[in-house]
Every structure is written in structure tokens, then in C-alpha cells.
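Enquirer: Below is a structure I'd like to ask you about.
Just so you know, all these numbers are worked out from the coordinates, no wet-lab data involved. Just so it is clear, the structure is predicted and the values come from calculations on it, not from any experiment. Positions of Cβ are backbone-derived with ideal geometry, glycine not excepted, and every protein chain shown enters the neighbour counts.
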2 protein chains.
Amino acid sequence: MTDRDLTQADTVRLAIEREIFGGQLAPGDALEEGRLASRFGVSRTPVREAITQLAQAGLITKRAHKRAVVAQLDPSTMLELFEALAELEGAAVFLSTSRMSEAEKGALKDIHEAAAENLGNGGDPNEYADLGFAFHQQIVRGCHNTALIDTTEWLALRVLPYRRFQVVAPGRLQRNQTDHDAIISAIFAGDAEAAREEIRRHTLEQGDALMRFIALNKTSHADFHPNGLIKEQPL
Amino acid sequence: MTDRDLTQADTVRLAIEREIFGGQLAPGDALEEGRLASRFGVSRTPVREAITQLAQAGLITKRAHKRAVVAQLDPSTMLELFEALAELEGAAVFLSTSRMSEAEKGALKDIHEAAAENLGNGGDPNEYADLGFAFHQQIVRGCHNTALIDTTEWLALRVLPYRRFQVVAPGRLQRNQTDHDAIISAIFAGDAEAAREEIRRHTLEQGDALMRFIALNKTSHADFHPNGLIKEQPL
DNA sequence: CCCTGATAAAGTGTGTACACTTTTTGCGGT
DNA sequence: ACCGCAAAAAGTGTACACACTTTATCAGGG
């Protein structure tokens with residue numbers, strides 16, 4: 001049992017997921033079953049199963065007899081996703097404020113302070129992005145409701161590639177940190193309603209900022225590389 | 001093109017879905033690929049694909065090399081689902097209050113009044129349940145955010161079979177109608193925050209009531225028939 | 001009688017073949 | 001050149017076969 005009961009379909013699915021989140025597979029790219037099969041050294045059957053799962057998760061789109069393609073996020077859909085995520089994170093933090101244990105609050109504070117330090121020392125922006133993701137995750141998980149956590153994280157994953165863009169947008173990191181300050185203050189003050197409003201505004205603002213950034217750079221979202229860098233079009 | 005591009009896997013998936021929502025397949029029931037294949041007159045391949053999709057949707061659970069079973073909702077999971085749904089519906093109505101068109105508000109009022117009439121005339125409780133579902137759906141869709149709507153309805157679908165139980169719980173229908181009154185008032189008054197609170201309380205209460213009902217009747221959720229009736233155990 | 005373990009039965013995971021659909025290619029007419 | 005259209009190529013959907021895993025069956029020892 002060397003492979004921990006991971007079926008080949010699982011392996012393929014995880015690999016494709018990584019390539020999408022990592023940016024090797026960009027939105028709009030076509031996934032052809034035969035190629036993937038030979039690339040991963042398996043038959044088309046497990047590849048097909050992986051694709052089915054990914055389609056169900058919304059990471060790729062699929063129609064009968066048509067090639068599967070990595071999900072294309074047009075601007076309005078992306079805004080909707082950010083808005084929905086803002087509401088979900090708001091709902092989660094509303095519960096988390098009264099439910100997080102002292103240990104969980106401490107871990108949250110640690111993450112926040114590590115991010116502050118990274119920002120002050122001019123550390124690696126990608127590392128800062130990871131800390132930002134961890135910050136949101138820690139808050140969401142604090143609500144102790146698996147259904148809500150899963151739903152929220154599922155949405156968060158979908159916008160993750162786009163959320164990271166902040167690392168290249170001027171002034172965005174500083175603003176991000178300020179927002180996090182306000183959120184963490186509300187949580188420690190036990191003001192659930194304020195925490196909800198802060199995180200809602202914060203996540204909505206991220207979406208808006210991304211839209212402005214894309215519009216300003218006259219670059220379609222298709223040219224926007226999920227890693228947070230623009231594809232073959234240096235600033 | 002008589003079958004509207006429905007692949008056989010789609011057909012099988014829809015059939016299984018109907019059987020789950022309809023109650024022919026109860027939570028805990030095992031789905032065996034071979035049987036289903038011969039029952040639907042197809043090979044195991046499309047059945048397998050349907051099962052993969054249903055598993056991804058959370059309607060059934062599946063582990064490597066193990067039979068797929070209709071998702072079992074233990075009490076704590078069910079409470080979590082209701083809580084998460086309460087939050088999502090709250091988020092949706094918060095947006096809907098300012099976004100619903102007059103036509104949409106009118107349709108909502110129509111549904112509400114039809115429900116009131118049904119209740120007053122001692123109409124078919126199942127019809128009342130349908131109206132209740134439509135009421136929630138109309139509100140959620142009023143937020144005009146596809147991502148949020150899809151997410152909420154997906155959760156709502158999962159608890160739908162349990163939500164219907166109200167039709168057999170004494171006094172529950174009347175209470176339900178009163179709650180809806182309060183919600184619709186808040187919406188028409190344009191008080192988004194109040195609407196959110198009302199629907200949150202309402203949906204949470206539905207979950208609690210279901211739990212009490214199950215506990216009182218000393219019947220495990222496994223014996224609880226999704227159609228809203230207890231299986232071979234008359235009251 | 002109840003374990004325990006071996007063995008058989010049942011069931012899932014994947015490779016492969018092929019029918020059917022979509023997309024591409026290429027050719028003749030305008 | 002530009003269309004339309006037919007034929008080929010590419011690709012998806014499904015059936016089927018078989019290896020491997022899990023579950024059920026059963027015989028013998030405590």
C-alpha cells in the first residue's frame with residue numbers, strides 16, 4: 001500500500017489541479033484526454049474520471065463531445081466570485097469571533113505579525129501572499145462549521161490564482177495589511193458584526209482592485225497569468 | 001438529436017438524483033455499479049461517471065475500492081448544514097433586499113400569499129412545502145449573484161429532503177408562515193440587516209426543530225424517510 | 001459456541017477497442 | 001482569393017475484459 005490508497009484518477013486529478021493553480025495550465029487551455037493519458041502514463045479511463053471531478057468542482061468546463069477547457073473567468077464572473085466569497089468569509093468570521101479558541105486566536109495573531117514583519121523588511125512578496133492566504137484560512141476555520149468552511153475554501157480556491165495578483169499591484173500589500181489590522185482588532189474586541197463588515201469590505205476591495213488593475217493594464221484576463229505575473233507582456 | 005445531447009452518464013446521474021430526492025434511495029443505501037448498469041441498460045462506464053459526479057456533489061460518499069453509498073447525514077453534520085445554509089441565505093437576502101426588482105418582489109409576495117391561502121384552507125401540506133421551497137429560492141435568486149446563488153442552492157438541495165419534514169411536525173407550518181411574514185416585511189421595508197437576521201433565525205430554527213423532532217421520536221436519521229414521512233414506523 | 005484464517009464470491013479500478021461526434025483539411029466551383 | 005462542402009483526422013462516449021481489492025462464506029481449532 002505504497003500509494004496510500006490514492007487511485008490513479010486521484011493522482012491525475014491532483015496533478016492537473018496543481019498545474020492549474022501553479023499556472024502551467026492557464027484559463028482557456030484545452031485538456032485533451034489522450035495527451036494527458038500518455039503524459040501521465042495511464043490509460044484514458046482514469047484521466048476521464050479526473051476530468052469529470054474537476055468539471056464538477058468548477059475548475060474546468062466540459063460539454064458533451066467537446067474538449068474540456070480550464071475554466072475561463074470573465075470579469076463579471078470574477079467579480080461575482082469575489083462578492084460571494086466576501087459574503088461567505090463575512091458569515092464565517094461572524095461565527096468565528098465568538099467561537100475561536102485562545103490558541104486559534106493566538107495562531108491568527110502570529111500569522112498577522114509574521115506578515116507585518118515580512119512587509120516591513122521588504123521580504124518575499126510571494127511569501128506575503130501565502131501568509132495572507134493563511135490569515136483568511138485561519139479565520140474561516142475558526143467558525144468550526146465544516147460545511148461552511150468547505151464551501152468558503154472551495155470558492156477561495158477558485159479565486160486564489162487571481163487573488164495573488166496583489167503582489168504586483170502598487171500599494172496593495174500595505175493596504176492589505178491595514179485591512180487585516182482592522183479585522184483582527186474586531187475579532188479580539190469580540191465585535192462580530194464589525195468583523196463581518198471589515199472582512200466583507202476587504203475581500204470586495206480585493207476584487208475591485210483586481211478589476212481596476214486589469215483594466216488599467218488593458219490586458220484581458222486571458223493574458224493574466226495565474227501566478228500573479230503577466231504573461232509575455234512585462235509591465 | 002432526440003436526447004438533447006444528454007450523455008448516458010447524465011441520464012443515469014439524473015435518475016439517481018431523482019431517486020435520492022424522491023426517497024426511493026435512502027441515506028446509507030449502497031449503490032452497486034453493476035446492478036445500476038443492468039437496471040438502466042447501459043454498461044458500467046457511464047454509471048461510474050455518474051457516481052463520480054454525484055460523489056463530487058456530496059450527494060453520495062465514495063472511497064477507493066469501497067461501494068458508493070447515499071450520503072449519510074449524522075445529526076451534527078445536519079446541524080452544520082443548516083447553520084451554513086442559514087448564513088448563506090442570510091448573505092443572499094442581505095443583497096437581495098436592495099437588488100430585487102419590483103417584479104421579483106411581486107412574485108415573492110405571490111408565493112407567500114399562495115402559501116398563506118394553502119395554510120388557511122387546510123390544503124395539501126406537500127404543496128405547502130413546495131411553496132416554502134420556492135419562497136426561499138425566490139429570495140436567494142434575488143441577489144443576482146450566480147456564484148452565491150449556486151452555492152446556496154447546492155447546500156439547500158442537500159438538506160431539502162430533511163427540510164420537508166416540517167409537514168408532519170405539529171405546529172411547524174404555522175410557525176414557518178409567521179417567520180416568512182417577518183422576512184418579507186423586512187425586505188419590503190428595505191431593512192437588509194433585519195432581513196438577514198430573520199432568515200438566519202428562521203433557517204436555524206428549522207434545523208433545531210428537525211433535531212428535536214428526531215430526538216423526540218427516538219428515531220435515528222437513518223429511519224427518517226426523506227419524503228418527510230417516517231419509514232415503517234407510523235406516528 | 002465463538003473465534004480465526006483460508007478460500008470463494010463480489011465489486012471496484014483500469015486498459016483497450018470501437019462507434020459516433022466534432023473539428024480540421026483540402027479540393028473544386030465561383 | 002473566397003466560399004461551401006465532402007472526406008479525413010482527431011477526439012469523445014461507451015462497452016467489455018481482466019487484474020486487484022474488498023467482502024462474504026465456511027471449515028477447523030480453541
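Enquirer: Mind giving me the FRET efficiency for B:Asp124 and A:Ala116? R0 is 45 Å, r the Cβ-Cβ distance, nearest 0.05 is fine.
Expert: The pair B:Asp124/A:Ala116 has a calculated efficiency of 0.15.
Enquirer: Another one. Rounded, prolate or oblate: which fits chain B when a ≥ b ≥ c are the square roots of the eigenvalues of the alpha-carbon gyration tensor, with rounded for a/c under 1.5 and prolate only if a/b beats b/c? Mind dumping the intermediate values first?
Expert: On the way: a/c = 1.99, a/b = 1.49, b/c = 1.34.
The shape class here is prolate.
Enquirer: If you take the square roots of the eigenvalues of the alpha-carbon gyration tensor of the range A:67-172 and sort them as a ≥ b ≥ c, do you get rounded (a/c under 1.5), prolate (a/b over b/c) or oblate?
Expert: Here the range A:67-172 falls in the oblate category.
Enquirer: Enumerate the amide H contacts of A:Ala68 below 5 Å, restricted to partners 5 or more residues apart or on another chain; note that Pro and chain-start residues carry no placed amide H.
Expert: Excluding prolines and chain starts, which carry no amide H, the hits are A:Leu31.
Enquirer: How do the peptides A:180-187, A:30-37, A:78-85 rank, highest first, by the average count of neighbouring beta carbon atoms within 10 Å per residue?
Expert: A:78-85, A:180-187, A:30-37
Enquirer: Another one. Using only the Cα atoms of the range B:12-79, build the gyration tensor, take square roots of its eigenvalues as a ≥ b ≥ c, and label the shape rounded, prolate or oblate: rounded if a/c is under 1.5, else prolate if a/b is larger than b/c, else oblate.
Expert: Prolate shape, in that a/c is at least 1.5 and a/b is the bigger ratio.
Enquirer: Let me ask something else about it. Helix A:102-120 against the longest principal axis of chain A: what's the angle in degrees, Cα atoms only, rounded to the nearest 10?
Expert: Once rounded, the angle reads 80 degrees.
Enquirer: Copy-to-copy spacing for B:Leu14, label 7 Å out on the Cα-to-C-beta vector, in nm, shortest first?
Expert: Ordered by increasing distance: 3.6 nm.
Enquirer: Here is a follow-up. To test your reading of the geometry: what angle, between 0 and 90 degrees and rounded to tens, separates the Cα axis of helix B:44-57 from the longest principal axis of chain B?
Expert: The angle comes out near 30 degrees.
Enquirer: Follow-up. Which of these, B:Pro46, B:Pro27, B:Pro170, has the largest mean-square fluctuation under a Gaussian network model of chain B (Cα springs below 10 Å)?
Expert: Highest fluctuation among the options: B:Pro170.
Enquirer: Still on this model: Averaged across the residues of A:141-152, what count of C-beta atoms belonging to other chains lies within 10 Å of each residue's C-beta?
Expert: Rounded to a whole number, the mean comes out at 5.
Enquirer: Next question. What angle, in degrees between 0 and 90 and rounded to the nearest 10, separates the Cα long axis of helix A:192-216 from the longest principal axis of the Cα atoms of chain A?
Expert: Once rounded, the angle reads 50 degrees.
Enquirer: Rank A:Gly34, A:Thr61, A:Ala50 by how far each Cα sits towards the positive end of the charge dipole of the range A:32-89 (+1 on Lys, Arg Cβ; -1 on Asp, Glu Cβ) and give me just the farthest.
Expert: A:Gly34
Enquirer: Find every distance from the label point of B:Ser185 to the corresponding label point in the other copies (7 Å from Cα along Cα→Cβ) and write them in nm, one decimal, shortest first.
Expert: 3.7
Enquirer: Relative contact order for chain B using alpha-carbon pairs under 8 Å, separation at least 6, rounded to a whole percent?
Expert: It rounds to 25 percent for chain B.
Enquirer: I've got another one for you. Report, in debye and to the nearest 20, how large the dipole of the range A:64-126 comes out about its Cα centre when Lys and Arg carry +1 and Asp and Glu carry -1 on their Cβ. Provide the component values of the computation, followed by the final result.
Expert: On the way: 5 positive and 11 negative charges, 68 e Å.
Dipole of the range A:64-126, to the nearest 20 debye: 320 debye.
Enquirer: Go ahead and run the numbers for FRET between B:Ala189 and B:Glu33, Cβ-Cβ distance against an R0 of 60 Å, rounding to 0.05.
Expert: That gives a FRET efficiency of 0.65.
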